[in-house]
Amino acid sequence: QPHAWQQQQQQGPPSLPRRASLPYDHEQNSAAADAFVRIILVMPGAMELLPTNVKEQLRTPQILHQLCCSFRTSSSCLDGLSALWGLANCTLLVAGDYTTLVPEDASQRARRILQGPPMISNPQVAFAYAHAACALLQRCRASPFAQSLVQSAVNMGTTGEASCKGGDASSPSSSSIAAAKAKAQRTEGPGHVGVGLGGGSCVQHPQSISSAGGVGGFGGIGGMGSAGGMESWGRAVCSLWPLAQRSFLLQLLNQLLAPDNHASGAGSRDQVGAPGAVLYSGLYGGVLQLIQGVDKQLRAQEHPLASEVPSLLSALAFAPGILPSMWKWLATNVGLPLEAPKGATRGLDIAALWPGYSGLNQGHALVLGLFCKLYNHLLMVLDDGEFYEEHGPKPGTGPGPRATAANAKGSNLSLSQVRAIVTSLNSLVFHTHLPRALPAKQQQQHHHHHRDQQGEHHKQMIISAVAACGEDATAMLTEAAPLLLRSLYERDARGRASAATQLKGEGH
């Protein structure tokens, strides 16, 4: 009524303390966060369209934690590409503000750098983000087109150089693309993405017009075989660039491995960083496989987006402290030796690896597989001087901020740790073909340890992390472990031959 309206205008809006004193309703806030995620934050480029003040509000720790939980619970309602865009928007949300550096040379592409510490400096947000990212990645990889992309990356690694040039041997076949289109049209219709809102209702997002001027169905699998569909997947993958930022990946690992961070309620102090390392390996292992497949298809089409695909593998391999932290976690949780003396003659057969690949816990196999993949990639770049003298890349090399000799100390694997790695891989590969049963006492201790340490929330995180990399948790390990063992053996043989030549030249 006019009189009541005039009184309200005279009183003015309620003050901030009065609004903040309203009771907090967890169910209503969860429902609002779920709706915001399913309607807004799965749209292509949603984080680029939100106003700055809205981003600031979303990045407060309480709201950000709730949004990450909503991403995880809403992942089952998303299709492949919408889940990938959800992962990209969630990553941009927790990464914080960034700045774009435009080079003077027009032939070089612009670089994006995070301005401050990411929002994952909060341990609760870090665990919630990692769990949500693995759930979204799991849903994305369930898409038939994503499976064909990952398979093309696997073929690229197994068929050699010919497949890297975009040959038919490694590209998704026409039958797989047709099957993907048919499935999408049966489930969601062409060119649309169905995002469930609960209760059987869905919102249909229309096709999006890309910035390159082409129309590409970003939803479902419809149109994925076309250039527009591949461009939509490429843009979503390029939006994952914060994952390759050194400040982001190091901060995330530190929070997930910190023994005092029990925000996930997933373990005790006896199991350091569990299941944080498993979540970290599931996230980065699954994204690596997807990026390799998308990058291969974009390069085969000579698409300009190929130059914007993040170099995630190099960023992880060159990041200081990543490999030592992962190996320390493996030594603590799996029972591997942290170091091995130079003249050791005992303990070279690691009992924890007697059953081979099949005897490893799925989470342990995932972490060890990513470790082998990263270390093998690093060895392809290191020369003998860096390997034996610096024990890793020289300060200031690799992507990311420049390191100095002072902070580089302790960030690389020592030679005693490398000997322990060789010993463990030798036992693992050997006993995979000639398995050996664990003693009865060790079997009881192993079973009792895992039964006590793994709570229900712990198991859910490990399941999500393993599913983010595919159905088989040991697939990455079975591929990368023999390659790393051979690389280390060749490096050792080359070092021995060089030492013998040097002694012979000196007349000894």
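The values are calculated or read from the model by the stated rules, or taken from the named source; none is laboratory data. Just so we're clear, the structure is a prediction, and the values are computed from it rather than from any experiment. Cβ sites come from the backbone with ideal geometry, for glycine too, and all protein chains shown count toward neighbours. Surface accessibility is based on the protein's heavy atoms, side chains included, excluding ligands, DNA and RNA. Shrake-Rupley method; radii C 1.70, N 1.55, O 1.52, S 1.80 Å.
Quick notes on this one:
- Whole-number percent relative contact order across region 26-155, with pairs defined as alpha carbons under 8 Å at least 6 apart: 29 percent
- Here the peptides 330-336, 242-248, 304-310, 54-60 are ranked by packing, the mean other Cβ count within 10 Å, and the order with the highest first is 242-248, 330-336, 304-310, 54-60.
- Here the Karplus relation 6.51 cos²θ - 1.76 cosθ + 1.60, evaluated at θ = phi - 60°, turns the backbone of region 378-393 into coupling constants of 5, 5, 5, 9, 5, 8, 5, x, 5, 6, 8, 9, 8, 6, x, x Hz, with x for every Gly and Pro.
- Charge tally in the Cβ shell below 13 Å around Asp492, where Lys, Arg are +1 and Asp, Glu are -1, Asp492 excluded: +4
- Ser358-Glu302 pseudo-label distance in nm [points 7 Å out on the Cα-to-Cβ vector]: 5.0 nm
- Global geometry of region 26-155, whether rounded, prolate or oblate, following the gyration tensor of its Cα atoms and the 1.5 cut on a/c: oblate
- The HN-Hα couplings worked out from phi for region 300-317 by the Karplus form 6.51 cos²θ - 1.76 cosθ + 1.60 (θ = phi - 60°) are 5, 8, 6, 7, x, 5, 4, 6, 9, 5, x, 7, 6, 5, 5, 4, 5, 5 Hz, whole numbers, x standing for Gly and Pro.
- Computed lengthening from Arg112 to Tyr98, 0.36 nm per intervening residue step minus Cα-Cα distance: 4.4 nm
- Residues whose amide H lies under 5 Å from that of Tyr98, counting only those 5 or more places away or on a different chain, are Gln115; hydrogens are built 1.01 Å from N in the peptide plane.
- Exposure rank, largest accessible area first [Tyr375, Tyr489; 1.4 Å]: Tyr489, Tyr375
- Per-pair calculated FRET efficiency, R0 = 51 Å: Asp492 and Glu48 via Cβ, rounded to 0.05: 0.55
- If you sort Phe430, Phe318 by accessible surface, 1.4 Å probe, largest first, the order is Phe430, Phe318.
- With DNA, RNA and ligands ignored, accessible area of Ser232 (1.4 Å probe; Å², nearest 10): 10 Å²
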